[in-house]
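**Student:** Got a structure here, written out as C-alpha cells. Questions coming.
The values are calculated or read from the model by the stated rules, or taken from the named source; none is laboratory data. Treat the numbers as computed from the prediction; the structure is a model and nothing was measured. Counting neighbours? That spans all protein chains shown, and the Cβs are built from the backbone with ideal geometry, glycine included. Surface areas here come from the heavy atoms of the whole protein model, side chains and all, with no ligands, DNA or RNA. Shrake-Rupley method; radii C 1.70, N 1.55, O 1.52, S 1.80 Å.
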Amino acid sequence: FGLPSSSSHALFGGLIGAVLVAAGLEGVRWGTVVSKIILPAFIAPAVAGLAAAAATWVAYRVARPADRHTQAVFRGGQRITASMVALAHGTSDGQKTMGVMVLALTAGGYHTAADAHIPLWVQVSAAAAISAGTYTGGWRIMKTLGQKIIDLDPARGFVAESVGAGVLYTTAFWLHAPISTTHTITCAIMGVGATKRRSAVRWGIAGNIVTAWVSTLPAAAVIAGLATWILQAVFL
C-alpha cells in the first residue's frame with residue numbers, strides 16, 4: 001500500500017502475541033509495554049511534530065528559505081540530515097532486531113542471558129537486512145513521505161530530518177525507549193507542512209497512515225499468536 005508502518009511495533013506485536021499463546025497473560029510484562037512502548041509511541045511523534053513546526057517557523061523568518069541560493073544550501077544540507085536519520089534508524093531499529101534474534105538464540109540454548117556479547121553475525125545480518133530492505137522495498141514509502149503528505153521543499157525537508165534524527169537520538173541514548181523511526185519522521189513532516197498552511201497537509205493520506213500505525217501491533221500479535229499455536233500443535 002506504500003504506507004509507512006512501524007517495524008518496531010510489528011516486532012513488539014509479534015513478541016506479545018507469541019508470548020500470550022505460549023505463556024499466557026502473566027508472560028508479558030505489561031508495565032514495560034505501557035511505559036516503554038505505548039507511551040513513547042504517542043509522546044515522541046507529538047514532540048517531533050511540534051518541534052518541527054517551531055523550527056520551520058524560525059527558519060522561514062531567519063534564513064529566508066524562499067531564496068534560490070538558500071534553497072541550494074538546504075538541499076546540500078539534506079545530505080547530512082538524511083544520513084543522520086539513517087544512522088538514527090539503525091541505532092534504534094537495528095538494536096530491536098538484534099534483541100529479538102538474541103532472544104531466539106537464548107530460548108534455543110545457543111546464548112546465555114548472562115552473556116552481554118552479541119555475536120558479530122547477528123549484528124552484520126541485522127544491518128544488512130535493514131540496508132537491503134530500505135534499498136529494495138522502500139521507494140513507495142519514500143514517495144508517500146516525500147510527495148504525498150506534503151510537497152516538501154529543501155528547507156522543510158532539512159528541518160524535518162534534523163528534528164526527527166534529534167528525537168530518535170534522544171530517546172535511544174537518554175531515555176532508552178524503543179520508539180518508531182517511521183512515526184517520528186512522519187510527524188515531523190506533518191509538522192513542517194502545517195506551518196505552510198493547514199490545507200498543505202493531505203490529511204486523508206495522513207489518516208490512512210495513522211490507521212496503519214494503530215493496526216500494526218495488534219495485527220502482528222494476531223499473526224504471531226496464530227503461528228505459535230500452529231507450531232505448538234505440530235511439534236508439542
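**Student:** Tabulate in residue order the Karplus-calculated ³J(HN,Hα) for segment 139-144, using 6.51 cos²θ - 1.76 cosθ + 1.60 with θ = phi - 60°, rounded to whole Hz; enter x for Gly and Pro.
**Tutor:** These are the phi-based 3J(HN,Hα) values: 5, 5, 5, 4, 5, 4 Hz.
**Student:** So, for the chain, what is the accessible surface per residue at a probe of 1.4 Å, expressed in square angstrom?
**Tutor:** So the chain comes to 57 Å² accessible per residue, rounded to a whole number.
**Student:** Exactly which trypsin sites (Lys or Arg not before Pro) in segment 1-79 are in a DSSP loop and have at most 15 other Cβ atoms within 10 Å?
**Tutor:** Counting only loop positions with at most 15 other Cβ atoms within 10 Å, the trypsin sites (Lys or Arg not before Pro) in segment 1-79 are ARG29.
**Student:** Based on the alpha-carbon gyration tensor of segment 69-109 and its eigenvalue square roots a ≥ b ≥ c, which shape applies: rounded if a/c is under 1.5, prolate if not and a/b is larger than b/c, or oblate?
**Tutor:** It is prolate, given that a/c is not under 1.5 and a/b is the larger ratio.
**Student:** While we're on this one: Quote the accessible area belonging to HIS89 in square angstrom, nearest 10, computed with a 1.4 Å probe and with ligands, DNA and RNA left uncounted.
**Tutor:** 50
**Student:** While we're looking at this one, here's another question. Please list, or write none, the lysines whose alpha carbon is within less than 29 Å of the alpha carbon of LYS196, excluding same-chain residues fewer than 8 places away.
**Tutor:** Answer for LYS196, where 29 Å is the Cα cut-off: LYS143, LYS148, listed by chain and number.
**Student:** Cα to Cα, under 17 Å, and not fewer than 8 places away if on the same chain: which lysines meet these conditions relative to LYS96?
**Tutor:** LYS36
**Student:** Rounded if a/c is under 1.5, else prolate if a/b is larger than b/c, else oblate: which is segment 2-66, with a ≥ b ≥ c the root eigenvalues of its Cα gyration tensor?
**Tutor:** prolate
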